[in-house]
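Notes follow once the structure below has been shown.
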């Protein structure tokens, strides 16, 4: 019986090290509910990889600088991210990384059911 307990202990210790503590936290709203806080700006990435901030088309290379300018002075800086389903995941992760680096809250927009 003691051997079984030690084997379970070793199993859970190994399993706990496999969980990545470096994952980006993302606030995913449930489709039936609305986000609690109003976000500061809206960022949209179309299927043709056209980036726009508050319906103004921007250059993806200057995305971080534009977001920093738009969110400067905001009490609770936040972004609503609208991403087309055809956009590669890497592009979404780049935006999430920018938000994490600058400590901005980011919400992924979904379609209501």
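Would region 38-82 count as rounded, prolate or oblate if I go by the C-alpha gyration tensor, calling it rounded below 1.5 in a/c and otherwise prolate when a/b exceeds b/c, oblate otherwise?
On the way: a/c = 2.79, a/b = 1.56, b/c = 1.80.
Here region 38-82 falls in the oblate category.
Determine the shape class of region 39-113: with a ≥ b ≥ c the square roots of the Cα gyration tensor eigenvalues, call it rounded for a/c under 1.5, and otherwise prolate if a/b is greater than b/c, oblate otherwise.
Numbers: a/c = 1.57, a/b = 1.31, b/c = 1.20.
Prolate is the answer for region 39-113, as a/c is 1.5 or above and a/b outweighs b/c.
Put in order of Cβ neighbour count within 10 Å, fewest first, the listed residues 110, 2 become 2, 110.
So how do 101, 44 line up by other beta-carbon neighbours within 10 Å, fewest first? Could you put the intermediate results ahead of the total?
Numbers: 101 9, 44 17.
Ascending Cβ contact count within 10 Å gives the list 101, 44.
Peptides 3-16, 85-98, 66-79 ranked from most to least packed, by the mean per-residue count of other Cβ atoms within 10 Å: 66-79, 85-98, 3-16.
Every number here is computed from the coordinates shown, using simple stated rules; none is lab data. This one's a predicted model, so the numbers in the text were calculated from it and none came from an experiment. Backbone-built Cβ (ideal geometry, glycine too); neighbour counts: all protein chains shown.
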